[in-house]
Each structure stands twice: as C-alpha cells, then as structure tokens.
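Each reported figure results from applying straightforward, stated rules to the coordinates on display, with no laboratory input. Note that this is a predicted model, so its numbers are computed, not measured. Virtual Cβ from ideal backbone geometry, glycine too; neighbours counted across all protein chains shown.
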Amino acid sequence: SQTIHQWPATLVQPVGSPLSLECTVEGTSNPNLYWYRQAAGRGLQLLFYSVGIGQISSEVPQNLSASRPQDRQFILSSKKLLLSDSGFYLCAWSGVSGSSYNEQFFGPGTRLTVL
Amino acid sequence: DQQVKQNSPSLSVQEGRISILNCDYTNSMFDYFLWYKKYPAEGPTFLISISSIKDKNEDGRFTVFLNKSAKHLSLHIVPSQPGDSAVYFCAAAYNYQLIWGAGTKLIIKP
C-alpha cells in the first residue's frame with residue numbers, strides 16, 4: 001500500500017531563516033506530487049505541483065520554491081522566511097492513471113510558525 | 001475568481017439527523033468531483049467522489065449528488081455522528097490538479 005511521509009510535524013522558525021520541508025511517498029512510482037498551504041481558518045492553496053523529476057509548476061508567486069530530486073521525494077524550501085509564510089503545509093500525491101488519477105492522498109502536514 | 005464555492009463556512013446538525021453540505025462550481029469543463037474530510041492539524045482524507053456521467057454516488061452513510069445543469073453538488077451524511085464533526089472540502093479535478101472550495105465546518109451536536 002502507498003504511504004506518504006512529511007517532516008517535521010511542527011516547526012518554529014525566526015523571520016529571515018531558511019526552510020526545508022521534506023515529503024516522501026512509498027509504494028508507488030512516478031506519482032504526481034503537490035505542496036499546499038492552509039492558512040488559519042482558510043481553504044487549501046496549491047503552491048507547487050510536479051509531474052516528474054525536476055519538473056515543477058508554481059501556482060502562485062511567493063517566497064517559496066520546490067524541488068523534486070528523486071521520483072518520490074518532494075522538497076519545499078525558502079531562503080528567507082517571512083511572517084506571512086506561517087501556516088499548515090501539506091504534501092499530497094496522486095496516481096498518473098486509472099482510478100487513482102484524480103484522487104489526491106495527503107500527508108500528515110507540517111505546522112510552520114514564523115516569529 | 002473562485003471556480004469552486006462552498007458558501008456555508010459552518011453548519012450545525014443534531015446527531016442522528018441528516019447533514020447536507022453544498023458546493024457550486026463555475027467551469028463546465030469539470031468532470032470529476034471529490035469530497036474530503038479534514039480534522040484539525042491533519043491532512044485531508046478522501047471521502048467520496050462522483051464522475052459527471054453520474055448524478056449520484058453512495059458509500060455507506062455518505063451520498064454525493066451532482067446536478068450538472070445547475071453546476072451544483074451536495075454531500076449528504078445520514079445519520080450524522082459525532083465523529084463526522086470536521087471541515088469538509090469539495091474539489092473539482094482538472095489537469096492534474098484539484099480546484100478546492102474553501103471548506104465547510106460541520107459540527108454535530110449531541
């Protein structure tokens with residue numbers, strides 16, 4: 001069965017510090033991968049998605065970047081965090097064909113607080 | 001411009017009664033819809049989906065209805081249980097992505 005891991009679960013960082021959040025998927029090959037952010041009391045905002053190694057699409061201009069160095073690894077980064085980067089970050093994967101194509105499966109999330 | 005809208009930020013329902021969560025969309029190209037349930041500090045979990053070739057899909061206590069002409073779908077939960085208290089997101093699948101509604105917080109009262 002497929003599983004998705006995210007770490008760390010919680011993170012408190014000062015403004016101006018760098019960020020690296022990691023997401024890995026097990027049990028599937030060539031998944032589509034996604035990074036979302038949920039701000040307090042709001043819906044899910046798609047930040048990045050990737051359909052393959054090294055292929056990243058950005059949905060909104062921002063202070064963040066993403067990379068996919070391996071097939072099942074997706075990394076969210078920032079060189080200098082802003083207060084507005086605080087939120088709940090979610091990684092998700094979906095299959096590329098069949099019944100799993102449309103469904104996205106989410107990791108447990110990372111709660112980031114920038115002070 | 002929000003392409004998927006959940007106009008009720010919250011909904012309170014008595015335990016044992018029916019919960020009805022609504023969702024509207026604007027893009028007639030959307031052909032697959034999903035409902036997710038989310039508890040605080042956790043990732044959303046997939047609940048039920050429906051393809052545009054159907055107007056109803058049922059899974060246990062959960063039923064999703066799709067009205068294509070009205071560009072409207074709804075999720076019915078019957079009977080509602082305390083564990084159903086969560087935020088429910090409606091989403092439309094389009095080009096590798098899910099277009100999300102803002103969510104409706106469902107509160108089940110004992």
>> Name the single residue that is farthest from the other protein chains (Cβ to nearest Cβ) among those in segment B:84-110 being loosely packed, with under 15 Cβ neighbours inside 10 Å and in contact (Cβ under 8 Å) with a residue 12 or more places away in the chain.
In response: B:110
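Here's the yes/no breakdown for (1) within 12 Å of chain B (Cβ to nearest Cβ); (2) surrounded by 18 or more Cβ atoms within 10 Å (Cβ to Cβ):
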| residue | (1), (2) |
| --- | --- |
| A:21 | no, yes |
| A:24 | no, yes |
| A:33 | yes, yes |
| A:46 | yes, yes |
| A:57 | yes, no |
| A:60 | no, no |
| A:64 | no, yes |
| A:67 | no, no |
>> Checking residue B:49 against (1) surrounded by fewer than 20 Cβ atoms within 10 Å (Cβ to Cβ); (2) under 10 Å from the mean Cα position of the chain (by Cα); (3) away from every other protein chain (no Cβ under 14 Å), only one condition comes out false. Which one?
In response: (3)
> Which of the residues belonging to segment B:10-36 are loosely packed, with under 13 Cβ neighbours inside 10 Å and under 14 Å from residue B:86 (Cβ atoms)?
Replying inline: B:10, B:12
> Can you name the number of the only condition in (1) in contact (Cβ under 8 Å) with a residue 60 or more places away in the chain; (2) within 13 Å of chain B (Cβ to nearest Cβ); (3) in a loop (DSSP other than H, G, I, E, B) that residue A:4 fails?
Replying inline: (3)
> From the list B:7, B:22, which residue is touching a Ser or Thr at 6+ places or on another chain (Cβ under 9 Å) and assigned to a loop (DSSP other than H, G, I, E, B)?
Replying inline: B:7
